[in-house]
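A.B. asks: Here it is, the structure, as structure tokens.
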Amino acid sequence: MSVKHTITSLVIGISLIGTGCSPTTTATTQNESTQAQVPTTSTPAPSPPLRSPDVVYVPTPPEVVEQMLEMAEVNKNDVLYDLGSGDGRIPIAAVQKRDVRRAVGIDINPERIQEANANAQKAGVTDRVTFLNQDLFKSDFSDATVMTLYLLPSLNVKLRPQLFSQLKPGTRIVSHDFDMGEWKPERVEKVQTNGRTHTVYLWTVPENPPANLK
């Protein structure tokens, strides 16, 4: 190899290094730039339930929701709690149709809470509706003036002492389809919808609940 060829090669190599134009550096920079432009947005998956839900979620038909709110005479001064609130339809309807001061839904399944929050957002009622991912048997709902339920007879009876211990006298309780055992309702109404008969029960928390009901 001639001295002239050696010097020429050396000069080209130094020039490439000096200007940062090595093929490896250029490819790496382009690759990093491409990666930096890839969006990393993702919706976090809901947490697993606190424990296995006590009931399978079955939505309450709108006609039954309306009957429950009517029987409880829900109004703008009320604070409504829905135990086992599912997709949030009862708290949302309480704000939209009855203008309640505040509505709270409690559900043990975080997927239902996520769905309910999305529905409240669509309905534009997030300023007055809250959904809590809690075990209703460990919840504090002592500020409720109206309580709505769609559980099971055994769960209603299990919940009864908690209702008496937390709720103020005069609080209205409405249950879809299931009663409270020995605690006789003040009013019972039937609702026909989608080829099925639904039953709605109403109670009012007494000043001095009988000992056998606590």
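A.B. asks: Report the net charge of residues surrounding P61, where surrounding means a beta-carbon distance below 10 angstrom and charges are Lys +1, Arg +1, Asp -1, Glu -1. Mind showing how you got there, number by number?
C.D. replies: On the way: positive: R89, R196; negative: E63, E66.
Taking every Cβ under 10 Å from that of P61, the sum is 0.
A.B. asks: I would also like to ask the following. Round to the nearest 10 and report in Å² the accessible area of H198, as given by a 1.4 Å probe over the protein chains' heavy atoms.
C.D. replies: We get 10 Å² for H198.
A.B. asks: Mind checking the full-extension length gain between Q134 and E66? Use 0.36 nm per residue of separation minus the Cα-Cα distance, one decimal, nm. If you can, show how the numbers build up before the last one.
C.D. replies: Numbers: separation 68, 0.36 × 68 = 24.48 nm, distance 2.54 nm.
Taking 0.36 nm per residue and subtracting the Cα distance, the gain is 21.9 nm.
A.B. asks: Taking the Cα-to-Cβ direction at Q121 and at N194 and moving 7 Å from each Cα, how far apart do the two end points lie in nm?
C.D. replies: The two pseudo-label positions are separated by 2.6 nm.
A.B. asks: Between H198 and residues 5 or more places away or on another chain, which pairs have amide H atoms under 5 Å apart, with H built 1.01 Å from N, and which residues are they?
C.D. replies: Residues meeting the amide H criterion: V191, Q192, T193.
A.B. asks: Let me ask something else. For region 122-206, what is the accessible area per residue in Å² when the probe is 1.4 Å? Provide the component values of the computation, followed by the final result.
C.D. replies: Values: 3970 Å² over 85 residues.
Heavy-atom SASA per residue in region 122-206 reads 47 Å².
A.B. asks: Also, quick follow-up: Work out the charge dipole of region 126-205 with +1 on the Cβ of Lys and Arg and -1 on the Cβ of Asp and Glu about the Cα centre, then indicate which of V200, L159, A144 is farthest towards its positive end.
C.D. replies: Toward the positive end, the furthest listed residue is V200.
The values are calculated or read from the model by the stated rules, or taken from the named source; none is laboratory data. These numbers were taken from a predicted model, which means no experiment stands behind them. All Cβ positions, even for glycine, are placed from backbone atoms using ideal geometry, and neighbour counts span all protein chains on display. Just so you know, the surface numbers come from the protein's heavy atoms only, side chains and all, with ligands and any DNA or RNA stripped out. Shrake-Rupley method; radii C 1.70, N 1.55, O 1.52, S 1.80 Å.
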